[in-house]
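Enquirer: What follows is a single structure, and I will ask about it in a moment.
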Amino acid sequence: MKPLSKLVAAALVLAALPTAAQARMAVYLAELSGNSASAHTGSKATATADITIDPDAQTVAIRVRVAGIPLAGLWDTLVAAPIGPIHLHQYAGTDLADPNASVLAFPVPFGASYAATANGFSVDTGPQPFAEGMARLGSTASFEQLVSALDRGVIVVNIHTDAFNAGEISGPAMPAKH
């Protein structure tokens, strides 16, 4: 192999390797339904959510795909509120059935990141600064507390609608398996 070819081959191998920042990202997945521990609505709507945490930048990116709930069905009161109709709740323990045992953990304000789809809607926030989300909530919780709660499985993604103000569908976020 010629020296230039070796350099090109080495560059291609290095480009294929994940960067340190990519390797440090943490991903959590949730499947939402109306029959979860935290939502007993019987709703036929479903959703999947993924939460990507960047510990270096201290950002939270949330992507949600919803089937069976139109954008117009989101709870109007929370559409207009800084926390949004979708947000993360942190439970005190692994019993996710008691709504009084949770606090708001991160907001997903309604806006341009919400888009209608043929059978529901999607949300893709991109990386959001954790500190800004906590300021919206008036919370002093730390980034480390959020990550710890995600690792313990006590964070729930909840979607509030006009039909079910307390939350039509929800589901716990669990670490993605690699």
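Enquirer: If we scan the range 40-47, do we find a residue that is among the polar types (S, T, N, Q), within 18 Å of PRO109 (Cα to Cα), in contact (Cβ under 8 Å) with a residue 40 or more places away in the chain and open to solvent by 60 Å² or more (accessible area, probe 1.4 Å)?
Expert: Looking through the range 40-47, none of the residues is among the polar types (S, T, N, Q), within 18 Å of PRO109 (Cα to Cα), in contact (Cβ under 8 Å) with a residue 40 or more places away in the chain and open to solvent by 60 Å² or more (accessible area, probe 1.4 Å).
Enquirer: Let me ask another. Of the residues THR46, THR77, THR59, THR94, which is touching an Asp or Glu at 6+ places or on another chain (Cβ under 8 Å) and hydroxyl-bearing (Ser, Thr, Tyr)?
Expert: THR46
Enquirer: Residue check, ASP56 against (1) of a type outside the set (Ser, Thr, Tyr); (2) part of a loop (DSSP other than H, G, I, E, B); (3) in contact with a Leu (Cβ under 9 Å, 6 or more places away or on another chain), all met but one. Which one?
Expert: In the conditions (1) of a type outside the set (Ser, Thr, Tyr); (2) part of a loop (DSSP other than H, G, I, E, B); (3) in contact with a Leu (Cβ under 9 Å, 6 or more places away or on another chain), ASP56 misses (3) alone.
The values are calculated or read from the model by the stated rules, or taken from the named source; none is laboratory data. Every value quoted in this text rests on a predicted model; they were computed, and no experiment measured them. Backbone-built Cβ (ideal geometry, glycine too); neighbour counts: all protein chains shown. Accessible surface areas use protein heavy atoms only, side chains included; no ligands, DNA or RNA. Shrake-Rupley method; radii C 1.70, N 1.55, O 1.52, S 1.80 Å.
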